[in-house]
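Reviewing the structure listed below.
The values are calculated or read from the model by the stated rules, or taken from the named source; none is laboratory data. The shown structure was predicted, so the numbers you read here are calculated from the model rather than taken from an experiment. Glycine also receives a Cβ, built like all others from the backbone with ideal geometry; neighbour counts cover every protein chain displayed.
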Amino acid sequence: MSSFFRKLSILFGRKRFRSELDEEMAFHRTQTEAELVDSGMSPEQAHFEAMRRLGNEGLLKERTHGVVGFRFETTLQDLRFALRQLRKNPGFALTAIAILALGVGSSVAIFAFVDAALIKPLPYQDPARLVELFEAIPIGPEFHLSYPDYLDWKRENKVFHSLNVFAPEGFMEKTVDGLREADAARVSDGFFKTLGVTPILGRDFYYGEDRPEAARSTLLSYKAWQRRYAGNRNVIGQTVTLDGHPYVIIGVLPKEFSFAPAEPADFWTIERPDGGCEKSRGCHNLFGVARLKDGVSFETAFADIKSIAQQLEKQYPDSNRDQWANMLPLTAKIVGDVRPILLTILCGAGLLLIIGAVNVASLLLVRSESRRREMAVRGALGASPRRLVRQLVTEGLLLAAVGGITGVVLAQLSLRTLTALIPKDMLMSRPYLQNIGLNGRVALFALALVALSAMLFAFTPVSRLRFTRIREGLADGDRGSAGMVWRRFGANLVVIELATAMILLAGAGLLGKSLYRLLHADTGIQSDHIAILRVDAQGDRYSKDEQRVALGREIVRQISALPGVKAVGVTSKLPIEDGDVTTDFHIIGRPYHGEHHEVAWRTVSSGYWAALGTRLLSGRYFTDRDDAASPKVVIVNQTLAREYFPGEDPVGKQITLESTDKNPMLIVGEVFDIQEGQLDAKARGAMYIPYNQNAYPYFSVLVRTTQDEGSMLPSIAATLHGLDPVMAIFDPETMSHKIHDAPSTYLHRSSAWIVGGLAVMALVLGAIGLYSVIAYSVSRRTREIGVRMALGAERAAVSGMVIGEASRLIVVGIAIGLAGSVPAALAMRGLLFGVPAWDAQTLIGVAFVLALIALLASYLPARRAASVSPAEALRAE
Amino acid sequence: MAKKPDLLPGTLDMLILKTLTRAPLHGYGIAQSIKRLSEDVLTVEEGSLYPALQRLLLQGWVKAEWKMTDTNRRARYYTLTAAGRKQLGIEVSQFEQMIEAIGRVLSDAQEA
C-alpha cells in the first residue's frame, strides 16, 4: 500500500525524481573517474572506463523508471510516440486508416443487415419451435390451406402444441373522406398465443372469439396505433368500419412485433368461419402457423401432418386430390429469400476487408524496412527488445483503433443511406430490415475485426524485427538480402490481393450479368408506357354482373377518350406479382379421373392485350362482344398449351372449370407467356377469361399511353373518381416502376450493386497494393538497376524486367483467383439468373480488366526504373 | 582478462541491505563496499544498483536522504530501516538454506 503511494508521489514529482537520479548517477561516474585517475589512468581513458562500468545509462534509467513507474505510464509514452510517428508520416497514416476504415466500415454495415435478418431472434417466444404450414399442390409447394382442412389438421395432429391460421387481407376502411384501403391480416383466435406475443394494451383474442355470433374485433399494430390514434390509450373499445363491418379495437400489439408473411398490416382481425370461402374445402385462402410440442422434432411433426393430409385426400377425393401438406421452419420462411444474398454480400465485404488488411500490412512492411535503422539506433541507445516490440504493437493497435473507429462511423452513415434505398414495399414486407443499427452484437463484430487487424498490424513489423542484427541495421549493410526477403514476402501479399480481387470481380460480374438478363427477360409484354390503378367497386351499385360489366365498359370508354391514351384494359390480377390465384380445369373430351390441372387464371377485358402489348400465337383476342350473351371463351398461354395440348393446336378445344362437362369454354386464342410471377419465376400455365363473362368488383386498370405514363396517372384517377366518387381508387403506379421495384428485381439489383461496389474497391486496393510492392522493389534495386544500365542494359530491358516481375505476380494472382471464382460462384448460384457459375465470358472479361489495371499499376514504377540515371544510382550508395 | 563470476540472481538486494547494516552509504559507496568485502570477486554491473535501490526504497526497506560527502559534494545516502533489517534476516536465512542444500547435493555427487 505504502509503495503505491510512493509510486504516486514519484509520478507527480517526476521531474525531481529524474534530476535526482541523474545527479546520483553522475556522482557515481565522477567518483569512479577520480579513483581511476588516482590509479594512474589518463583522464580521457578514465572518463570512458567510468561510463563503461556504469553500463548503458539510457537502459538503466528506463529500468529504474520501470521500477517506480505505473504500467500505464509506459503505455502512454508508447502511445504518444506512436501518434508522433503517424503524424510524422501523414501519407502513410491516412492511407492505412482510409483503407482499414473502408474495409471495416463495409463489413460492419453489412453485418448489421445480417444481424437484423439472420441473427437477431424473431420477436416471438422460442421462435425456433415455430413452423409455417402450407398445402403443396402439383404446381408448387407453398399454397393456401382451406378452412375445413385447417380444422382437421388442428384436430387430428398429435405434434403441435397449437396450430393457427392467418392470411394477409386488404380491407376498405370507411373514413370521413370515403373509402380508404387498409392493410390488415386475418388470424385465428389462438394466433398470438401460438407466437407467444401479448398485447401491450388491451387484450388478446379469447378462444371462441371467432364464432359467428361474437362481435367482430381487431388488434392494432403499434405503428397504426401511433399513426392513426397518436398513441391514445382510449383507443380500446373504439370501432372501425372495415369492408362495411364494424370491428371493435380490443388491443395494441408490442412495438417490436412483426410477422413478415402477413405484413404490412395495421389491423389484425379475427378470422371467422362464416366467410364464403371458409365453408368450402376446395377454397384455399389461409396459411398455417404452429408451435411444435416439446420434444417433437421437425421431421416427426412433418410426417404426422403429411399423413393427416393423405387421410383427408382419401376422405375427400373431390376437393383434396393432390393436396399435400408442406411445412417450413418459420424463420426459414421469413428470411429465406434474403439469406443467400446477405451471406454473399457479407463474404464480399469480408474479402474486401482481407484485401484492405493485406494492403495495410504490406504498407507496414515497407515502413518497417525503412525503419530498420531507427530500430537499430533505439536498440543501441538502450531500448530493450521487449520495449521495441511493445512500441510496434502499440503503433499497430493505434492504427487499427483509429481505422476501426472511422470504419464504424462510416458504417453508421452508410447504414442510413442503405436503408433509405430499400423500396418501401420491400421494407414493409420485411419488417426486420427496419430499425437497423449498431447494437451489441454488431459492436462485438466490429471489435473483433479491429482486434484481428491490430494483431496483423502488430505482428507484421514485429516479424521483421531482428534483434541480433542491430549492428548490421546501424550499418544498413545488408540491404540487398533484406530486400530479397521482403520482395518475396510482399509478392505473396500481392498475389493474395489480386486473387481476392479476382473472386470479387467475378462475383460482381456474374451478378451484374444476372441482373441484366433478369431485366431483359422476356415478360411477354411491352412494359414501357403502361399506367396502372387499382379499383374497388363494392356496394349495392355493383352487386349484379351486368352492373359490373357496365362499369368496366364505362371505365374503358371514358379513359380511352383521354388524350394520349392508346389502349385501356382491366384485369383481376396484374402480371409480375406473386403469380397466385389459380384454378383447376379439365379438358372436355378427355377421360377425367379427378386429376389436378392447376393453372393461373385471370379475368381480363378485351383491351387488356393491347394495353399490355402481348403477342398472339394463334387464334384471336377477346372482343367487347364476348359477354354473357355469347358463348363462353378462354385464351390460354403457351405453357398451358405445351403442357396439356402437346403437339396439338389448343385453339378450338374446349375446357371447363367444373368437374363435369358442364359450362364448357372454347379456347379461342393462344398467347405468348406473360410473366405472371416474379421475373425469376418459372413460366407457368395460365388462362384468361373475358371480364364481360366473369366480372369482378375488384380489378386493376391498365392504360397504354403515348406520353409519359406517370404524368397521366392523376388525370386517369380523376376520370375514375368522376365516374363514381364512392369507388376506391388506389395504388397508382407504372409498369416499368413495378418491374423495377419488384422484390426479385430488387434483390438481384441490390446484390449486383453492392458486390459490384465492393469489387471496384477491391480492384483499386489491389492495384495500389501491386503498385506499392513494385515501386518499393524498384526503389530497393536502384543500385542494381544502375549497375545493369552502366553495363549496357537498355532502358526498355530494364522496364521490361520490372513489368516481367509484375506480370508473374499478376498471372499467378489471377490464376488463383480464377480457380477460387468458380466455387465461390457455385456457392451463390441461387442468386444467378440465366448465367452459369462458370460463365466463361464473364470470367475472361473480368480477368482481362483486372490484368489491364494491374499492368497499368506496375507500368508507373517500371517507367521510373527505366529513367534511373546509372551515374546517380551508383553514387547514391 | 579472466571473466569474473556473475552475481547470483536475486542476491543483489541482499548484498545491498547487508552493506547498509554498518553505516548509511551512497550508491558508489555501496558498489565499492561490495567489491572490497568480496575481495574483488563480486562486481555488480554498477549501474544496476540504481534500479535495485529504487525497488528497496519502494518496499520501505531503505530510506534515502541527500547529504554532503567528505569531499563536500552532494550525494544520496541510503539507510537501512527496521523493516529492511527484518527482510535481510529472511533473505540471509533463505540463502543459507539454499547454499546448504546445494552443498549437500554437490558433496553427494563427489562421493559417488
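Structure summary
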item: Members of the stretch A:737-755 that are among the small types (Gly, Ala, Ser) and either surrounded by fewer than 19 Cβ atoms within 10 Å (Cβ to Cβ) or within 26 Å of residue A:261 (Cβ to Cβ) (or both); result: A:742, A:744, A:750, A:751
item: Restricting the stretch B:22-58 to residues that are more than 9 Å from chain A (Cβ to nearest Cβ) and part of a helix (DSSP H, G or I), the residue that is surrounded by the fewest Cβ atoms within 10 Å (Cβ to Cβ); result: B:36
item: Strands (runs of 3 or more DSSP E) lying entirely in the stretch A:219-281 (those with 2 or more residues that are surrounded by 21 or more Cβ atoms within 10 Å (Cβ to Cβ) and within 38 Å of the chain's Cα centre (by Cα)); result: A:245-252, A:267-270
item: Scope the stretch A:413-426; condition crowded, with 16+ Cβ neighbours inside 10 Å and without any contact (Cβ under 8 Å) to a residue 60 or more places away in the chain; matching residues; result: A:419
item: Search result, residues across the stretch A:427-442 that are within 30 Å of residue A:399 (Cα to Cα), out of contact with any Asp or Glu (no Cβ under 9 Å at 6 or more places or on another chain) and touching a residue at least 24 places away in the same chain (Cβ under 8 Å); result: A:437, A:438
item: Single condition residue A:706 does not satisfy, out of (1) buried (at least 21 other Cβ atoms within 10 Å of the Cβ); (2) hydroxyl-bearing (Ser, Thr, Tyr); (3) not assigned by TED's automatic domain parsing to the domain that holds residue A:835; result: (1)
item: Options A:83, A:151; residue that is in contact with a helix residue (DSSP H, G or I) (Cβ under 9 Å, 6 or more places away or on another chain) and either crowded, with 19+ Cβ neighbours inside 10 Å or outside any strand (DSSP E or B) (or both); result: A:83
item: Residue in the stretch A:107-132 that is farthest from residue A:348 (Cα to Cα), counting only those that are modelled with pLDDT of 85 or more and of a type in the set (Gly, Ala, Ser); result: A:112
item: Pairs with Cβ under 8 Å, 6+ apart, first in the stretch A:225-238 and at positive phi, second part of a helix (DSSP H, G or I); result: A:231/A:225
item: Residue within the stretch A:529-547 that is among the hydroxyl-bearing types (Ser, Thr, Tyr), within 30 Å of residue A:685 (Cα to Cα), out of contact with any Pro (no Cβ under 7 Å at 6 or more places or on another chain) and assigned by TED's automatic domain parsing to the domain that holds residue A:709 present; result: no
item: All positions within the stretch B:59-82 that are of a type outside the set (Val, Ile, Thr) and surrounded by 14 or more Cβ atoms within 10 Å (Cβ to Cβ); result: B:59, B:60, B:61, B:63, B:64, B:75, B:76, B:77, B:78, B:80
item: Hits in the stretch A:783-813 - residues which are closer than 18 Å to residue A:847 by Cα and touching a Leu at 6+ places or on another chain (Cβ under 6 Å); result: A:813
item: Test for residue A:790: is it surrounded by fewer than 18 Cβ atoms within 10 Å (Cβ to Cβ), touching a residue at least 60 places away in the same chain (Cβ under 8 Å) and not hydroxyl-bearing (Ser, Thr, Tyr); result: yes
item: Any hit, the stretch A:81-99, residues being more than 14 Å from chain B (Cβ to nearest Cβ), within 30 Å of residue A:360 (Cβ to Cβ) and under 24 Å from the mean Cα position of the chain (by Cα); result: yes
item: Total residues in the stretch A:54-69, condition more than 7 Å from chain B (Cβ to nearest Cβ) and not in a helix (DSSP H, G or I); result: 2
item: Residues (assigned to a helix (DSSP H, G or I) and away from chain B (no Cβ under 11 Å)) located in the stretch A:10-32; result: A:11, A:12, A:14, A:15, A:16, A:18, A:19
item: Yes/no for residue A:558 being surrounded by 15 or more Cβ atoms within 10 Å (Cβ to Cβ) and out of contact with any helix residue (DSSP H, G or I) (no Cβ under 9 Å at 6 or more places or on another chain); result: no
item: The lone exception for residue A:681 - which of (1) crowded, with 18+ Cβ neighbours inside 10 Å; (2) within 37 Å of the chain's Cα centre (by Cα); (3) assigned to a loop (DSSP other than H, G, I, E, B) it fails; result: (1)
item: Residue list for the stretch A:154-164, filter: without any contact (Cβ under 8 Å) to a residue 60 or more places away in the chain and either out of contact with any Leu (no Cβ under 8 Å at 6 or more places or on another chain) or in a strand (DSSP E or B) (or both); result: A:155
item: Filter result (assigned to a helix (DSSP H, G or I), touching a residue at least 40 places away in the same chain (Cβ under 8 Å) and over 25 Å from residue A:450 (Cα atoms)) within the stretch A:368-396; result: A:372, A:373, A:375, A:376, A:377, A:379, A:380, A:385
item: Residues (in a helix (DSSP H, G or I) and crowded, with 17+ Cβ neighbours inside 10 Å) located in the stretch A:721-736; result: A:723, A:735
item: Which numbered condition residue A:181 misses (of (1) buried (at least 21 other Cβ atoms within 10 Å of the Cβ); (2) outside any helix (DSSP H, G or I)); result: (1)
item: Identity of the residue in the stretch A:112-148, aromatic (Phe, Trp, Tyr) and outside any strand (DSSP E or B), that ends up surrounded by the fewest Cβ atoms within 10 Å (Cβ to Cβ); result: A:124
item: Matching residues in the stretch A:547-589 - criterion: being of a type in the set (S, T, N, Q) and within 29 Å of residue A:645 (Cβ to Cβ); result: A:571, A:572, A:582, A:583
item: Helices (runs of 4 or more DSSP H) fully within the stretch A:433-527 counting 1 or more residues that are in contact with a Lys or Arg (Cβ under 7 Å, 6 or more places away or on another chain), at pLDDT 80 or above and closer than 28 Å to residue A:355 by Cβ; result: A:479-519
item: Residue among A:647, A:669 that alone is in the same structural domain as residue A:597 (by TED's automatic domain parsing) and part of a strand (DSSP E or B); result: A:669
item: Residue list for the stretch A:15-61, restricted to those being exposed (fewer than 13 other Cβ atoms within 10 Å of the Cβ) and among the charged types (D, E, K, R); result: A:15, A:16, A:22, A:38, A:44, A:52
item: The listed residue being under 25 Å from residue A:92 (Cβ atoms) and part of a helix (DSSP H, G or I), out of A:354, A:334; result: A:354
